[in-house]
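Below is one structure; the comments refer to it alone.
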Amino acid sequence: MRRIFKAPAVVALTSLFLSSVAAAEGGGHGGEASFNPVIFQGLNLALLLGIIIYYSKAPMRRALQDRAAQVTKDIDEAGRLHAEATARLNDYEQKLAGLQAAADELLAEMKREGEAEKARLIAEAEADAERIRREAERLAENEITRARARLETEIADQAIAAAERIIREKLGAPDHRRLAGEYLGKLEERA
Amino acid sequence: MAGSTLSLRYAKALLDIGVEKKIQDQIGRELDRVDAVFTSAPELTELFRNPKFDVTQRKAVLAELLKRVMVSPVTRNFLFLITEKGRMGYLKDIVAAFHTLADASSGRIRAQVTVASPLTEPELARLRTVLGKLTGLQVVIESREDPNLIGGVVTRIGGKVYDGSVRAQLDNLQARLRQSNP
């Protein structure tokens with residue numbers, strides 16, 4: 001790149017030199033031209049162009065090559081990005097296609113779980129109902145048993161009270177003597 | 001417990017004097033008579049328990065009482081002593097302890113016989129004899145009536161109870177009926 005900037009300076013210096021040579025020659029011969037000025041300027045231009053071409057050819061080529069390489073690289077990068085985007089697009093399309101299936105599967109799974117939970121809750125409720133029913137039956141049976149026992153105890157107490165009343169009414173002096181005799185007889189058996 | 005220990009101590013002291021003077025049986029009978037008076041007159045017992053009446057007043061009442069219930073000087077002195085000590089409220093316990101100690105010292109035992117209808121003399125004699133055979137001691141029968149027995153006899157002697165009452169039979173029957181209906 002430095003050479004590219006040097007080339008114009010060389011061309012300018014050469015051109016200046018040739019111009020000064022031409023001026024000196026013109027001034028030395030008193031206006032009599034030994035070269036045709038048009039030819040001289042043509043040569044001067046050709047020389048200038050030649051110098052320019054000579055010094056700027058390599059940098060230009062390298063710049064063009066670099067530019068071509070950059071363009072190629074950009075094209076490759078664009079191709080890679082395109083391929084990547086295409087792949088990603090395909091991936092998303094596949095995922096999108098799979099998403100529906102996953103959603104369907106999830107829905108089906110949730111439905112199955114819901115059915116299972118429903119069945120479990122029903123079974124649990126039935127078990128609870130059965131347990132409550134048995135407990136109620138047991139309590140009822142216990143209550144019946146207690147009530148029966150109370151009733152039978154009451155009947156027994158009433159029977160005893162009735163027996164006591166009758167005995168008191170019927171027990172006379174001979175009975176007292178008989179009871180005392182039996183009592184003494186039992187004590188005598190022990191003695 | 002403190003009351004029974006105290007009663008036992010007073011009873012033993014009195015019995016010792018009675019044995020020394022050979023009048024322990026007489027003292028026992030005198031104590032029974034005095035105790036019967038107090039049992040029949042609860043207001044008298046109250047007078048000896050109420051702190052409103054002082055010792056002098058109590059002694060005056062006791063002196064009047066002993067004019068009607070004749071007792072030996074030993075018993076009289078003893079009754080004044082426990083009045084002075086404020087122990088007249090323990091009289092019943094002291095009398096019971098005295099009899100127990102006196103019976104034990106003379107080879108006797110007391111039987112509390114409860115009846116619905118009074119026993120005849122032959123029945124009492126028969127009972128005394130059979131209880132004597134059972135205990136090997138001379139039996140003194142203390143009889144009382146309790147209509148609640150309905151019929152029959154209950155004897156308590158030496159920590160044992162011989163229950164031949166109709167009440168006990170009915171109670172047993174009632175218990176069996178209740179047990180058969182748990």
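Taking the range B:26-133, which chymotrypsin sites (Phe, Trp or Tyr not before Pro) meet the DSSP loop condition and have no more than 15 other C-beta atoms within 10 Å?
B:F53
At a Förster distance of 30 Å, what's the computed FRET efficiency of B:D54 paired with B:Q112, Cβ-Cβ distance as r, to 0.05?
E(calc), rounded to 0.05, equals 0.25.
Using alpha carbons only, how many angstrom separate the centre of the range B:92-148 from the centre of the range A:130-191?
32
Can you work out the FRET efficiency for the pair A:A147 and A:K111, with r the C-beta to C-beta distance and R0 = 56 Å, to the nearest 0.05?
The formula returns an efficiency of 0.60 here.
Pick out, from B:F80, B:Q57, B:H99, the residue whose Cα sits farthest towards the positive end of the charge dipole of the range B:3-103, with +1 on the Cβ of Lys and Arg and -1 on the Cβ of Asp and Glu.
B:Q57
Between A:K95 and B:R144, with labels modelled 7 Å along Cα→Cβ, what's the label distance in nm to one decimal, could you check?
10.7
Given the -39500 (n - 2.57) contribution per DSSP H run of 4+ residues, what per-residue ellipticity at 222 nm results for the protein assembly as shown, rounded to the nearest 500 deg cm²/dmol? Walk me through the intermediate numbers first.
Numbers: 11 runs with 294 residues, N = 373.
Per the formula, -28000 deg cm²/dmol.
Need one number: nm distance between label points at A:A102 and A:D175, each 7 Å from Cα along Cα→Cβ, rounded to one decimal.
Using points 7 Å along Cα→Cβ, the separation is 10.1 nm.
Within chain B, what's the longest run with no trypsin sites (Lys or Arg not before Pro) in a DSSP loop and at most 13 other beta-carbon atoms within 10 Å? Give the range, please.
B:86-182
With just the Cα atoms of the range B:4-91, tell me how far they stretch along each of the three principal axes, in Å, largest first.
Principal-axis extents of the Cα atoms in the range B:4-91, largest first: 38, 29, 22 Å.
With the convex hull built on the Cα atoms of the range A:136-190, state its orientation-averaged projected area in nm².
Quarter of the Cα hull surface area: 6.0 nm².
What are the lysines whose alpha-carbon lies under 30 Å from the alpha-carbon of A:K186, with same-chain residues fewer than 8 places away excluded?
A:K170, B:K133, B:K160
Taking the Cα atoms of the range B:85-182, report the difference between the largest and smallest coordinate on each principal axis, in whole Å and largest first.
Per principal axis, max minus min of the Cα coordinates gives 55, 38, 23 Å.
What whole number of Å gives the distance from the Cα centroid of the range B:152-182 to the Cα centroid of the range A:55-117?
Answer, in whole Å: 108.
Taking N as the number of residues in chain B, what is its alpha-carbon radius of gyration divided by 2.2 N^0.38 Å?
With N residues counted in chain B, Rg over 2.2 N^0.38 Å equals 1.24.
Rounded to whole Å and ordered largest first, report the semi-axes of the equivalent ellipsoid of the protein assembly as shown derived from its Cα gyration tensor (root of 5λ).
In descending order, the three semi-axes are 152, 40, 17 Å.
Taking all protein chains as present, what is the carbon and sulfur share of the accessible area of chain B, in % to the nearest whole number, probe 1.4 Å?
Working: 5530 of 10150 Å².
It is 54 percent, rounded to a whole number.
Total accessible area buried between chains B and A, 1.4 Å probe, in Å² to the nearest 100?
What B and A bury together is about 2400 Å².
Rounded to the nearest 5, what % of DSSP beta bridges with both residues in the protein assembly as shown are antiparallel? Provide the component values of the computation, followed by the final result.
Numbers: 11 of 19 bridges.
Antiparallel: roughly 60 percent of the beta bridges in the protein assembly as shown.
Sticking with the crude label model, points 7 Å out along Cα→Cβ, report the distance from B:V37 to A:L64 in nm, one decimal please.
Distance between label points: 16.6 nm.
The values are calculated or read from the model by the stated rules, or taken from the named source; none is laboratory data. Computed from a predicted model, the values in this text were never measured in an experiment. Glycine also receives a Cβ, built like all others from the backbone with ideal geometry; neighbour counts cover every protein chain displayed. Side chains are part of the model used for accessible areas, which takes the heavy atoms of the whole protein and leaves out ligands, DNA and RNA. Shrake-Rupley method; radii C 1.70, N 1.55, O 1.52, S 1.80 Å.
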